[in-house]
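Below you'll find the structure, written out as structure tokens, and then a few comments.
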Amino acid sequence: MPIGSVFNNGVEGFNRASQGIEKASAEINRASIEQQDDAQLAQQRQLQAARPEEAVTAPVSQPARIDEALVNLKVEEFNAKANTQSIQTADEVLGTLIDVRV
């Protein structure tokens, strides 16, 4: 496999990992904001409720999205590291080939 191909694949993989990191980070941010909004809404409803049994609590499903986004963030971090290693290895091999040729 040509060195340029390995280098290009590493760069493309790193770019995909960067996009995945941005997407996971945005999902974590959005889920956090929604969770805060839901908690504030539930608190307002509890304050306005005439009886305690009418009080509403925040939804429980929100943390699962944050957990999933955190896992995706970690996976993309590993992808970025692996692709960085590929780029570094291709660079070292290319440097060695240049040194041998000169």
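The values are calculated or read from the model by the stated rules, or taken from the named source; none is laboratory data. Just so it is clear, the structure is predicted and the values come from calculations on it, not from any experiment. Note that each Cβ is placed from the backbone with ideal geometry, even for glycine, and that neighbours are counted across all protein chains shown. Ligands, DNA and RNA are excluded from the accessible area calculation, which covers all protein heavy atoms including side chains. Shrake-Rupley method; radii C 1.70, N 1.55, O 1.52, S 1.80 Å.
Quick one: in region 36-57, of everything that is among the charged types (D, E, K, R) and in a helix (DSSP H, G or I), which residue is modelled with the lowest pLDDT?
If we filter region 36-57 for residues that are among the charged types (D, E, K, R), which is where we start, we get 37-38, 45, 51, 53-54.
From what's left, in a helix (DSSP H, G or I): 37-38, 45, 53-54.
Numbers: 37: 79, 38: 77, 45: 77, 53: 57, 54: 50.
Selected residue: 54.
Quick check on my filter: what residues within region 58-81 are modelled with pLDDT of 95 or more and of a type in the set (Gly, Ala, Ser)?
Hit for region 58-81 is 80, nothing else.
In region 1-49, how many are aliphatic (A, V, I, L, M) and open to solvent by 90 Å² or more (accessible area, probe 1.4 Å)? Walk me through how you get there before you give the answer.
Looking only at region 1-49, we keep the residues that are aliphatic (A, V, I, L, M), and these are 1, 3, 6, 11, 17, 21, 24, 26, 28, 31, 33, 39, 41-42, 47, 49.
Filter again for open to solvent by 90 Å² or more (accessible area, probe 1.4 Å), leaving 1, 47.
Count: 2.
Let me spell it out: the conditions are (1) modelled with pLDDT of 95 or more; (2) open to solvent by less than 80 Å² (accessible area, probe 1.4 Å), and residue 86 meets all of them except one. Which number is the exception?
Of (1) modelled with pLDDT of 95 or more; (2) open to solvent by less than 80 Å² (accessible area, probe 1.4 Å), only one is false for residue 86: (1).
Suppose we filter 27, 34 for residues that are in contact (Cβ under 8 Å) with a residue 40 or more places away in the chain and within 23 Å of the chain's Cα centre (by Cα); which single one remains? It would help to see each step written out before you state the result.
Working: 34 fails: in contact (Cβ under 8 Å) with a residue 40 or more places away in the chain.
Only one candidate qualifies: 27.
Collect the residues in region 13-48 that are touching a helix residue (DSSP H, G or I) at 6+ places or on another chain (Cβ under 8 Å), among the charged types (D, E, K, R) and under 22 Å from residue 85 (Cβ atoms), keeping them in residue-number order.
Hit for region 13-48 is 16, nothing else.
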